[in-house]
Amino acid sequence: VEKSPLSKNQCDLSPVNDGRKWKVFSSFRGKEMMVKLSSGDDVHSLKINFARIGALKTCPVYSLPDDFDKAAVLRFYTDTEILYLYDFTRYSIWRWSDQWDTNRSPDIVVQHNEWRQHLYKHRKIDYFKRPIFDIILDQRFFNGLGNFSRSELLCRTRCSPFMNFNE
């Protein structure tokens with residue numbers, strides 16, 4: 001595991017760079033991804049927050065894409081392939097943690113029932129008297145949705161972006 005020399009992320013990756021082979025498991029929750037690295041009894045959890053246009057990609061070790069040096073900010077090497085976090089903006093961050101961010105709602109797709117309960121529980125607060133276009137970007141209630149998703153949702157449901165969320 002290594003980070004790009006261009007990355008400004010301060011996370012120390014030395015706990016998993018000791019020459020051992022590691023198994024990699026991952027799970028997602030909105031714009032967060034939890035990567036668990038295990039080797040025997042040793043388990044480390046790396047939480048990645050995607051920002052803007054972060055994506056995971058793979059490529060063969062012998063055939064790197066042209067923008068690999070600039071955009072592959074976090075790299076997981078195998079014998080034959082590289083799994084990397086592609087983020088040309090370099091806004092994605094990662095740190096050692098095994099906990100999801102408490103300031104984000106449950107995942108809208110994967111944890112739909114929990115998300116609905118979370119939204120229903122908070123529906124009475126004055127915050128929801130604001131326009132719907134503003135509320136949808138709040139990750140405390142709509143984890144994983146961004147500008148593009150917001151625009152698509154409002155357009156396809158034919159909702160005015162300026163109507164109050166509680167209407």
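Mind checking the dipole of the range 14-103: about its Cα centre, +1 per Lys or Arg Cβ, -1 per Asp or Glu Cβ, Debye to the nearest 20?
Charge dipole, the range 14-103, about its Cα centre: 220 debye, nearest 20.
Stretching Asp98 away from Phe148 to a fully extended chain increases their span by 15.1 nm, per 0.36 nm per residue minus the current alpha-carbon distance.
Placing unit charges on the Cβ atoms of the charged side chains and taking the dipole of the chain about its Cα centre, the candidate lying farthest along the positive direction among Phe148, Ile132, Gly30 is Ile132. With respect to the chain, whose longest principal axis is taken over its alpha-carbon atoms, helix 147-156 is tilted by about 40°. Per-residue ellipticity at 222 nm computed for the chain from its helices equals -4500 deg cm²/dmol, with DSSP H segments shorter than 4 residues left out and the rest contributing -39,500 (n - 2.57).
Label positions at Lys57 and Gln111, each projected 7 Å from the Cα along the C-beta direction, are separated by 3.0 nm.
A convex hull fitted to the Cα coordinates of the chain yields 145 cubic angstrom per residue.
Once Rh for the range 119-167 is found with the Kirkwood sum over Cα pairs, what is the Stokes-Einstein diffusion coefficient at 10 °C and 1.306 mPa s, in µm²/s? Walk me through the intermediate numbers first.
On the way: Rh = 11.0 Å.
Result for D is 144 µm²/s.
Using a 1.4 angstrom probe on heavy atoms only, work out the carbon and sulfur share of the accessible area of the range 12-167 in %. Walk me through the numbers before you get to the answer.
On the way: 5230 of 9920 Å².
The value for the range 12-167 is 53 percent carbon and sulfur by accessible area.
Nearest 10 degrees, 0 to 90: what angle lies between the long axis of helix 112-122 and the longest principal axis of the chain (Cα atoms)? The angle comes out near 50 degrees. Volume per residue of the convex hull around the Cα atoms, evaluated for the range 1-64, comes out as 125 Å³. In order along the range 2-10, phi translates into HN-Hα couplings of 8, 10, 5, x, 7, 5, 9, 5, 8 Hz, rounded to whole numbers, per the Karplus curve 6.51 cos²θ - 1.76 cosθ + 1.60 with θ = phi - 60° and x for Gly and Pro. Pro60: net charge of surrounding residues, Cβ under 15 Å, Lys/Arg +1, Asp/Glu -1, itself excluded? Overall, the nearby charge balance is -1.
Mind checking the per residue accessible area of the range 14-167 for me, 1.4 Å probe, whole number of Å²? Intermediate results must be reported in sequence, preceding the final value.
Details: 9810 Å² over 154 residues.
Roughly 64 Å² per residue, with all protein chains present.
The values are calculated or read from the model by the stated rules, or taken from the named source; none is laboratory data. The model shown is predicted, which means the values in this text are computed figures rather than measured ones. As a convention, Cβ positions derive from the backbone with ideal geometry for all residues, glycine included, and neighbour counts pool all protein chains shown. Protein only, heavy atoms only, side chains kept; ligands, DNA and RNA dropped before computing areas. Shrake-Rupley method; radii C 1.70, N 1.55, O 1.52, S 1.80 Å.
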